[in-house]
């Protein structure tokens, strides 16, 4: 469990939930509370959902190991 400090002080297993997995109606309820210059909105939305007792479901996602090719990291300057 990760604890999201600050005003909300909630614990969730994964704070980085993607928007595409959130219900639009639920996001709309809390979008106005989000500061316009906040740079991690999906994390704050997850915190709002936990704090205000919205229905949450966290599922473990596993990935198959790469079968071919190589992983390449590209660093931009």
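Bear in mind these aren't lab numbers, they're just calculated from the coordinates by the rules spelled out. Model, not experiment: these values are computed from the prediction.
Just a few scattered comments:
- Compared with the direct C-alpha span, the chain from residue 11 to residue 33 gains 6.0 nm at full extension, assuming 0.36 nm per residue.
- Stretched out straight at 0.36 nm per residue, the stretch from residue 56 to residue 40 would grow longer than its current Cα-Cα span by 3.9 nm.
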